[in-house]
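Following: one structure in C-alpha cells, then a few remarks.
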Amino acid sequence: MPDTGGIVKGMACVAALALLAGCQTIGEERPAVELDQEATDVDFQVKESKALSHLAKLETAVADYYKIEHKVPAKLTDLIPKYLADIPIVEIVGARHKDTSAVQYYPGDIILDGRIDGTRLKDSGRWGYAYTEKQVIIFIDCTHRNPKGLPWYQARGIY
C-alpha cells in the first residue's frame, strides 16, 4: 500500500500557505462580485505604486541634475537622456485622465508655503512641474483623490 501521509501533509501545507496569502482553499466558493472588486483593488494599488514610483524617479533625476549642473532644469525634458531615458507615463487611479507622459508647466508662484496651490491647477492629468529659486516641485496635476484620500497633486514619490 502506498504511503499517502506525505501527500496529505503537502496538501495541508499548500492550503495553509493559500490562507496566509489571502487565497481561498479548494471547494470554498466566493461571489464573482467580490472577486471582481478584489481584482479592481489590486489594479488600483499597482497603478498607484507605479505612479508614485515614476514620480520618485523624476524627483531623483531633478536632484541629480541640480547636483551636477548647479541649476534647476527649466523643463523636465532637459533631463533626457543624461539623467533620465524618457519621461515616464503617469497612470492615475480614480480619475478620468488618459495615461500620459506629458508635462504641465506652472509658474513658481503656484508654490505657496512650500506646497502647490491646488486652486490654480488645470487638472490636466499630466505631470506637473513648478520651481522657484528655493524649491522644485514635481507632482501629478490632478485634483481628484487618490486611494489614500488625498488629492493626487499632494502625493510624493516613493523612495
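For the reader, a short list of remarks on this structure follows.
- Annotation: the residues Trp127, Trp152, sorted from fewest to most other C-beta atoms within 10 Å of their own C-beta, follow the order Trp127, Trp152.
- Computed label-point distance, nm, for sites Asp43 and Ile68 using a 7 Å Cα→Cβ extension: 3.9 nm
- Positive-pole candidate from Tyr131, Gln104, Asn146, dipole of segment 30-154, charges at beta carbon: Tyr131
- Computed from label points 7 Å out along Cα-Cβ, the spacing between Arg145 and Lys50 is 2.4 nm.
- Student exercise, segment 30-154 dipole from Lys, Arg, Asp, Glu Cβ charges, in Debye to nearest 20: 260 debye
- For segment 30-154, convex hull volume per residue from C-alpha positions, Å³: 109 Å³
- Summarising the label geometry, the points placed 7 Å from Cα in the beta-carbon direction at Ala102 and Thr119 lie 2.7 nm from one another.
- For peptides 63-75, 79-91, 132-144, sequence by mean Cβ density within 10 Å, most packed first: 132-144, 79-91, 63-75
Rule-based calculations on the coordinates, nothing more; no lab input. Fair warning: this is a prediction, and the values are worked out from it, not measured in the lab. Positions of Cβ are generated from backbone atoms using ideal geometry, with glycine treated the same way; all protein chains shown enter the neighbour counts.
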